[in-house]
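Only the coordinates and a few stated rules stand behind these numbers; no lab work does. Small disclaimer: the values here were computed from a predicted structure and weren't measured. Note that we place each Cβ from the backbone using ideal geometry, even for glycine, and neighbour counts take in every protein chain shown.
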Amino acid sequence: MRRIVEGLQSIAVTAWVGALWTTGLLVAPALFHFVPDRVLFGNLIGRLFAYTALLGIGCGAYLLLFGVLRFGSRCMRQAFFWVTLAMLALTLVEAFAVQPIVDAVRQQAFPKPVAETMLRERFAAWHGIASLLYVIQCALGLALVLWQPRTPH
């Protein structure tokens, strides 16, 4: 059983960080290049980022629970715990505070692309905040991969 729980920890890190990197660093640029309709692009990538956030929330919750149950209060002395907590907090802020604002601005501009409206500066500012939070999550993801707790076999 212990082996399964530890294996799930590795799977959670892989799924979360892999989804972050794949969605933000591969899929989004590819869609931006190949989907000429900016409204369609925004809707597609917005949905993918939402799914990535939900996956991150689930994986982050599991990883924190895993750390507490496996290491007890010692988990709070591990960088892995704090990186996981920071990534989860950023995911929650981006998904439930920033992204709803970005979506609302996009909806206010509809049926036109935001870039063709007076809302473009507001959209650009909030999109920039969302992008910064995402880049920080991706960088923290690297630390999460490198600092996974290992148990001797």
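Largest mean-square fluctuation among 118, 87, 76, in a Gaussian network model of the chain whose springs join Cα atoms under 10 Å apart, belongs to 118.
Can you compute the FRET efficiency between residue 101 and residue 4 using 1/(1 + (r/R0)^6), with r the Cβ-Cβ distance and R0 = 25 Å? Round to the nearest 0.05. Numbers along the way, then the final one.
On the way: r = 40 Å, r/R0 = 1.61.
It comes out at approximately 0.05.
Test of understanding: what is the full-extension gain from residue 64 to residue 148, defined as 0.36 nm times their sequence separation minus their Cα-Cα distance? Don't skip to the answer; put the middle values down first.
On the way: separation 84, 0.36 × 84 = 30.24 nm, distance 1.19 nm.
Extra length from residue 64 to residue 148 when fully extended: 29.0 nm.
Here the contact order of region 2-146, divided by its residue count and restricted to Cα pairs under 8 Å and six or more residues apart, works out to 30 percent.
Just how large is the dipole of region 82-153 about the Cα centre, in debye to the nearest 20, putting +1 at every Lys and Arg Cβ and -1 at every Asp and Glu Cβ? Write out the running numbers ahead of the final one.
Values: 5 positive and 4 negative charges, 12 e Å.
For region 82-153, the charge dipole is close to 60 debye.
Highest GNM mean-square fluctuation among 138, 59, 75, for the chain modelled with Cα contacts below 10 Å: 75. Set against the labelled values (i) -0.34, -0.63, -0.93; (ii) -0.48, -0.74, -0.99; (iii) -0.25, -0.54, -0.98, log10 I(q)/I(0) by the Debye sum over Cα atoms at q = 0.09, 0.13, 0.17 Å⁻¹ computed from this structure falls on (i). Cβ-to-Cβ counts within 10 Å put 81, 71 in ascending order as 71, 81, the fewest first. The stretch between residue 25 and residue 38 holds 2.9 nm of extra length on full extension. This uses 0.36 nm per residue minus the Cα-Cα distance.
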